[in-house]
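Here the structure is laid out as structure tokens; the discussion comes afterwards.
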Amino acid sequence: MLSRGHTVVGLDNFLTGNPENLRHLSGESRFHFIEQDITRPFSIDGPVDCVVNMASPASPKDYLEHPIETLAVGSVGTQNMLELAKEKQARFLITSTSECYGDPLEHPQVETYWGHVNPVGPRSCYDESKRFAEAITMAYHRKYGVATNIVRIFNTYGPRMKLDDGRVVPAFLDRALRGLPITVFGDGSQTRSFCYVSDLVEGISRLMLSDERYPVNIGNPREMTILEFAEHIQRLTGTRSEINFAPLPEDDPRQRRPDISKAQRLLGWQPVVPLDEGLQLTIEYFQGLPTRAEAIA
Ligand code: UDP
């Protein structure tokens, strides 16, 4: 947004985020930052054209550690951001998730599929929070005419992820780069489809300018099993790390692949970064980070 000439106000309470990720913006006069929990009252001075609500823990490890905060940010936080959009007569975009489909019985997942979510399982704090966020977004559109968009983000990876956030890309890369065993949960036959961050950003940017009110999947349809992914990381990094197996977490979705025909048709969007290129950029980012020992010193 900044490189396209916009002025940006960023809000974050750093529950799972990292101020280091904003350091490169410190000299940027069009970027303003407010340390803020969006579940608490706040106000923004001056006009606003567009409100983008991306706030939430997103890694299973993070949302299982912060279930109440996760439910609060998707519900109260989303409503506060919708109120801001309504007050400013601004557009509004919510980042929702493929987790709205739960452990899907339809494959690949099309936006019209209503999902298969366990409402009382450990992941429900995230799934139901995002489903509520979608519902209240549609309600503000229907009741108040707010111009809203909903993006359902599938597994995304890239630079500025936390090395220890528990998600499979940083987890496998961290272990492989240190020559430690890679841990596959279950037998590794569950599938995921990984989208590089710049492809996601381009998809969201296009959706923000569209009049589509119903959800749009943004993700990469290249699907693989987690065991295949682990073996792929072994080859790509040339590591001597072995593959270990650990129990599958409760309600871990068995399969996931976005049907992106809606994004292709409406936005002219599809991912362009091949997996190995994206992984290489991510590896370079992780290798450039201070080592644990340097960080402690
Ligand atoms: N996974 C794994 N080992 C890890 C981390 C994750 O086998 O160290 C598996 C996890 O069980 C899931 C998949 O990788 O089947 C993707 O997990 P992630 O936490 O990245 O995201 P999810 O798609 O589950 O939200």
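The values are calculated or read from the model by the stated rules, or taken from the named source; none is laboratory data. Since we're looking at a predicted model, the values are computed, not measured. Every residue, glycine as well, gets a Cβ built from its backbone with ideal geometry; the counts of neighbours run over all protein chains shown. For accessibility, only protein heavy atoms count, side chains too; no ligands or nucleic acids. Shrake-Rupley method; radii C 1.70, N 1.55, O 1.52, S 1.80 Å.
Odds and ends about this structure:
- Scanning region 19-42 for residues being part of a helix (DSSP H, G or I) and surrounded by 13 or more Cβ atoms within 10 Å (Cβ to Cβ) gives a total of 3.
- Where a residue in region 116-141 is farther than 15 Å from Tyr214 by Cβ and part of a helix (DSSP H, G or I) and its partner, wherever it lies, is open to solvent by 20 Å² or more (accessible area, probe 1.4 Å) and hydroxyl-bearing (Ser, Thr, Tyr), with Cβ under 6 Å and at least six apart: Phe132/Ser75
- Selection over region 236-271 of residues that are within 19 Å of Phe154 (Cα to Cα) and in a helix (DSSP H, G or I) gives a count of 7.
- Matching residues in region 178-192 - criterion: being open to solvent by 20 Å² or more (accessible area, probe 1.4 Å), within 6 Å of the ligand (Cβ to nearest atom) and over 21 Å from Gln280 (Cα atoms): Phe185
- So Thr225, is it in contact with a Phe, Trp or Tyr (Cβ under 9 Å, 6 or more places away or on another chain), at negative phi and open to solvent by less than 50 Å² (accessible area, probe 1.4 Å): no
- Residue list for region 150-160, filter: crowded, with 17+ Cβ neighbours inside 10 Å and either touching a Lys or Arg at 6+ places or on another chain (Cβ under 7 Å) or basic (Lys, Arg) (or both): Arg152, Phe154, Asn155
- Any hit, region 32-51, residues being within 16 Å of the ligand (Cβ to nearest atom) and under 18 Å from Ile153 (Cβ atoms): no
- All positions within region 150-177 that are part of a loop (DSSP other than H, G, I, E, B), in contact (Cβ under 8 Å) with a residue 12 or more places away in the chain and more than 8 Å from the ligand (Cβ to nearest atom): Phe154, Gly158, Pro159, Arg160, Met161, Lys162, Leu163, Asp165
- If only residues of region 86-130 that are out of contact with any strand residue (DSSP E or B) (no Cβ under 6 Å at 6 or more places or on another chain) and β-branched (Val, Ile, Thr) are counted, the one that is surrounded by the fewest Cβ atoms within 10 Å (Cβ to Cβ) is Val120.
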